[in-house]
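Peer 1: This is the structure I want to talk about, given as structure tokens.
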Ligand code: CTP
Ligand code: CA
């Protein structure tokens, strides 16, 4: 690595962050995607970097600029590509943060030519995408810390805790869709950080950069270095 090193409390640690949306092709000119900006993932990347970690970004298509001197960047489009890039580096990582808004479904077939309009109604058959966090959670080794995200609209804590258990996360960052000024596209966020042991920390409405620092603080408590 030729990244200049910064000393800090995460020096010597390797971090992988998935971020941004994924794009699932319908035909050569169209895709299915979502409004994820990648801002929260990048804020976490900056926090880790400024505290000494070597940060690997597995990044879906986003409009933000990423300094290639500071991060190792793997640019991907689809969920399948994101999975392959993440899987390729997962074993070397100390911390994995699954901040990407991965499309849950993709077209079952990608048309090789642009689909022409004809019928007044049309449908596209979708198939479930690989769950990146779930799959990599199965091969998490002792000492590795996995962080997930959840966006819920009802029974938030129950659903988030279930995702933490199912995907073998150590910490889950719960975004509530009901909070003003929080979430997609905003520079601010309000989250609840839920630990594996059930402990919950409410961030309050803060800049995403401040929420990122809080996540790192909670992560240090979750990490058990053997
Ligand atoms: N995730 C992932 N791969 C997927 C779907 C989700 O890695 N194919 C990760 C997200 O990055 C996030 C966590 O899993 O860290 C939870 O994502 P979320 O969309 O909230 O949960 P799902 O399991 O997809 O369930 P649902 O959308 O039905 O609530
Ligand atoms: Ca989902």
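No value in this document is a laboratory result; all are computed from the given coordinates. This is a predicted model, so every value here is computed, not measured. All Cβ positions, even for glycine, are placed from backbone atoms using ideal geometry, and neighbour counts span all protein chains on display.
Peer 1: Grab the DSSP H runs of the chain that are 4 residues or longer, score each as -39,500 (n - 2.57), total them, divide by all residues and round the 222 nm result to the nearest 500 deg cm²/dmol.
Peer 2: -7500 deg cm²/dmol
Peer 1: Using the Cα gyration tensor of region 20-175, with a ≥ b ≥ c the square roots of its eigenvalues, what is the shape: rounded (a/c below 1.5), prolate (a/b larger than b/c) or oblate (neither)?
Peer 2: prolate
Peer 1: So, one more: Counting only C-alpha contacts under 8 Å and six or more residues apart, can you give the relative contact order of region 1-88 as a whole percent?
Peer 2: 36
Peer 1: Take the chain, connect every pair of alpha-carbon atoms lying under 10 Å apart with a spring to form a Gaussian network, then pick out the residue of 118, 78, 209 with the largest mean-square fluctuation.
Peer 2: 118
Peer 1: Give me the angle, in degrees from 0 to 90, between the Cα long axis of helix 79-90 and the longest principal axis of the Cα atoms of the chain, rounded to the nearest 10.
Peer 2: With both axes taken from Cα atoms, the answer is about 30 degrees.
Peer 1: Compute the length gained on full extension between residue 84 and residue 27: take 0.36 nm times their separation in residues and subtract their Cα-Cα distance, giving the result in nm to one decimal.
Peer 2: Value of the extension gain: 18.4 nm.
Peer 1: Between residue 34 and residue 138, what FRET efficiency comes out of the Förster formula 1/(1 + (r/R0)^6) with R0 = 35 Å and r the beta carbon distance, rounded to 0.05?
Peer 2: 0.85
Peer 1: Which angle between 0 and 90 degrees, to the nearest 10, do you get for helix 39-50 versus the longest principal axis of the chain when only C-alpha atoms count?
Peer 2: Once rounded, the angle reads 30 degrees.
Peer 1: Most fluctuating residue of 194, 115, 17 in a GNM of the chain with Cα springs under 10 Å: which is it?
Peer 2: 115
Peer 1: While we're on this one: Between region 157-219 and region 63-89, what's the alpha-carbon centroid distance in Å?
Peer 2: So the two Cα centres are separated by 23 Å.
Peer 1: Continuing with this model, one more query. What spacing in nm lies between the two simple spin-label points modelled at residue 220 and residue 112, each 7 Å away from Cα in the Cβ direction?
Peer 2: In this crude spin-label approximation the distance works out to 5.6 nm.
Peer 1: Out of 29, 97, 211, any idea which swings most in a Gaussian network model of the chain, alpha carbons joined below 10 Å?
Peer 2: Maximum among the listed residues: 29.
Peer 1: Compute the relative contact order of the chain as a whole-number percentage, counting only Cα pairs closer than 8 Å that sit 6 or more residues apart in sequence.
Peer 2: Value for the chain: 19 percent.
Peer 1: What's the angle, to the nearest 10 degrees (0 to 90), between helix 156-166's Cα axis and the longest principal axis of the chain?
Peer 2: Relative to the chain, helix 156-166 is tipped by roughly 90 degrees.
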